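The structure under discussion appears below in the form of structure tokens.
The values are calculated or read from the model by the stated rules, or taken from the named source; none is laboratory data. Note that the coordinates shown come from a computational prediction; the quantities given were computed from them, not determined experimentally. In this analysis, Cβ positions are derived from the backbone assuming ideal geometry, glycine residues included, and neighbour counts consider all displayed protein chains. In case anyone asks, the SASA skips ligands and DNA or RNA and just uses the protein heavy atoms, side chains included. Shrake-Rupley method; radii C 1.70, N 1.55, O 1.52, S 1.80 Å.
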Amino acid sequence: MEYQKTAYNLIRADILLGALTPGERLRVVDLNARYKSGLTPIREALVRLSSEGLVEAEANRGAKVREASLEELHDITETRIDIETWCLTRAIERGNDEWEGEIVRSLHMLSRAPTPSTEDDQESAAQWEKLHRQFHYALVAASGSEWKLKIWNMLMDHSERYRNLRLLNNFLTESKVENMDAEHAAIAAAVISRDTEKSVELIGQHLSATKLAAERLIQKQIESAKRD
């Protein structure tokens, strides 16, 4: 059981981070050589990841990492804005001092985390993404809706694939990551001040900025592939 959990977590983390790239074939023997987790746990992990939409199973061809597309990026972002806006509004209504304290703590930890220095710096990317997720969860944690938070978590998983594209290329002009700390700080301040209108406006702008940066990078990759 522990092997199954390990195989699932390792493969899932590499998909979200982009170490296993969109469209990449996932052969069980190759994954076993990579993770040393055993063939059966890897097969079971692929089935579970397929049910989560992170892996696509193909008849007689095995499995591959879910493809990335501009259409999916737009859909995920719009849906996440809808869900996060609802959760954030409810959290502002219901949140207490402990909730505010966790927002401050998670913002502080995130602000101290370095962004990757190169596109291969996946260790820094993984740590930054972990703290980034904690901060955004802290914002909505007091919403009081278990099911909406489950949907929020699923959307975070799928948006993470696109967000890490931006994060691992943060040194490129297209990414413009340098404003991210200021964006997070402004959101936290508005939320703690219980300014719902400002909070919703800022979270929408923040998520849209990430979408636009990822969109530019995807378009750049498409154009590069055409030239090649």
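Summing charges over neighbours of Lys150, with a neighbour being any other residue whose Cβ is under 14 Å away from its Cβ, gives -2 when K and R count +1 and D and E count -1. Placing dummy labels 7 Å off each Cα toward the beta-carbon, the span from Lys148 to Asp121 is 3.7 nm.
Take 110-116, 76-82, 211-217 and order them by the average number of nearby Cβ atoms within 10 Å per residue, most first; the result is 211-217, 76-82, 110-116. Accessible area of Ser145 (1.4 Å probe, protein heavy atoms only, ligands and nucleic acids ignored): about 20 Å². The heavy atoms of Glu102 present about 70 square angstrom of accessible area, all protein chains included, probe 1.4 Å.
If you sort Trp147, Trp152 by accessible surface, 1.4 Å probe, largest first, the order is Trp147, Trp152. The mean of 1/r over all pairs of different alpha-carbon atoms in the range 1-117, once inverted, gives a Kirkwood hydrodynamic radius of 17.1 Å.
Legend: residue pairs Lys36/Lys220; Lys150/Lys211; Lys64/Lys148; Lys64/Lys220; Lys36/Lys211; Lys130/Lys150, Cα-Cα distance threshold 25 Å; pairs beyond threshold, Lys36/Lys220; Lys64/Lys148; Lys36/Lys211. Compared with the dominant Cα axis of the chain, that is its longest principal axis, helix 180-192 is turned about 50°.
Each helix, a run of at least 4 DSSP H residues, gives -39500 (n - 2.57); summed and divided by the residues of the chain, these come to -24500 deg cm²/dmol at 222 nm. Net charge in the neighbourhood of Gly95 (other residues with Cβ under 12 Å of its Cβ; Lys, Arg +1, Asp, Glu -1) is -2.
Among residues other than Gly204 with Cβ under 13 Å from its Cβ, the summed charge is -3 (Lys and Arg +1, Asp and Glu -1).
Using the Cα atoms of the range 54-178 to build a convex hull, what is its mean projected area in square nanometres? Its Cα hull, projected and averaged over all orientations, spans 9.4 nm². Each peptide in 159-165, 130-136 was scored by the mean count of other Cβ atoms within 10 Å over its residues; highest first, the order is 159-165, 130-136. Put a plus charge on the Cβ of each Lys and Arg, a minus charge on the Cβ of each Asp and Glu, and nothing anywhere else: the dipole of the chain about its Cα centre is then about 620 debye.
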